[in-house]
Amino acid sequence: MRRKSVLFLALLVSLTIAASAALADVKLPDPKKDGGDGIFSLLEKRASGSRGAFPTGKISPEELSSILWAASGQNRGGKGWTVPFAGGKPPYVKIYVATPEGAFLYDWKGHSLTEVTDKNVLPEITQDDFVKQAACVLILVSDTGDMGRMSNLNAGNSLAYIATGAMTQNAYLAADALGISGRYMVSLNADAVKRELKLNDTDSPLCIMPLGKN
Ligand SMILES: Cc1cc2nc3c(=O)[nH]c(=O)nc-3n(C[C@H](O)[C@H](O)[C@H](O)COP(=O)(O)O)c2cc1C
């Protein structure tokens, strides 16, 4: 794998580019960690983007970085995460980012993206036209490898579902703070997600969250 610059990420996320044969790791820019509206103002505004008029404006690398960090990035100088995970375990729900230019796995350790495919998987992973047209879609998947190591705490996927609630709520609030719309959705084509993202047989796609800007 080769490293791509932040500038190239901007191209990946913002523009339609010719498909590239080589998969790539993408270092994200630093997330926003201060400023913006206060938490209570954000809670007063929080809402899901409308299914009928979901915005299709592109998300910048800086915005994507901040939303991913809010969803499961490291905080407290690397001692914890922005959402609570059972037993203080590292995140056991993975976030994939699907764009028309390809799909990526968020690596919270390096705050980077690892390219999984350069294909536009959006038409396959959803039945909803507004999701197929979205600038960017987060796909949350239970990480069975990590769940297995905490089997004493795990009741099926319930801990993973609880985590997706916290992760997506943080993503909603961070997105709202940046003027971006998001929508938590359980409607997804699980078989297509597993196939296109090359998941393990036991990994479970849990929800998706299209993102877009007016
Ligand atoms: C567990 C859960 C599952 C959801 N699944 C879908 C879905 O499959 N499709 C969809 O369009 N919206 C879905 N939503 C979004 C809700 O319909 C939306 O949150 C609700 O209409 C309230 O709107 P609000 O978020 O603006 O308050 C889901 C929300 C939750 C919490």
Residues with amide H under 5 Å of Asn75's amide H, sequence separation 5 or more or different chain, H placed in the peptide plane at 1.01 Å from N; which? Gly80, Trp81, Thr82
When the Karplus curve 6.51 cos²θ - 1.76 cosθ + 1.60 is applied with θ = phi - 60°, which whole-Hz ³J(HN,Hα) does each residue of segment 130-135 get, with x for Gly and Pro? 5, 6, 4, 8, 5, 5
Please give, to one decimal in nm, the separation of the simple spin-label points placed at Lys33 and Lys109, each 7 Å out from Cα toward the Cβ. 2.0 nm
Note down the nm distance, to one decimal, between modelled labels 7 Å out along Cα→Cβ at Gln169 and at Thr202. 2.9 nm
Using each residue's phi in segment 167-180, evaluate 6.51 cos²θ - 1.76 cosθ + 1.60 at θ = phi - 60° and report the 3J(HN,Hα) Karplus result to the nearest Hz, with x for Gly and Pro. 5, 6, 5, 4, 5, 4, 5, 5, 4, 4, 5, 9, x, 10
Listed highest first by mean packing, meaning other Cβ atoms within 10 Å per residue, what order do 25-34, 93-102 come in? 93-102, 25-34
So what are the ³J(HN,Hα) numbers for segment 182-191, from phi and the Karplus equation (6.51, -1.76, 1.60; θ = phi - 60°), rounded to whole Hz, Gly and Pro as x? x, 8, 6, 9, 8, 6, 7, 8, 4, 4
Could you tell me which of the pairs Lys32/Lys194; Lys119/Lys194; Lys109/Lys213; Lys89/Lys132; Lys89/Lys109 are separated by over 23 angstrom between their Cα atoms in the structure shown? Lys32/Lys194; Lys109/Lys213; Lys89/Lys132
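Each value in this text was obtained by applying a stated rule to the coordinates, not by laboratory testing. Keep in mind the model is a prediction, meaning the values are calculated, not measured. With ideal geometry, Cβ positions are generated from the backbone for all residues, glycine too; neighbour counts draw on all protein chains shown.
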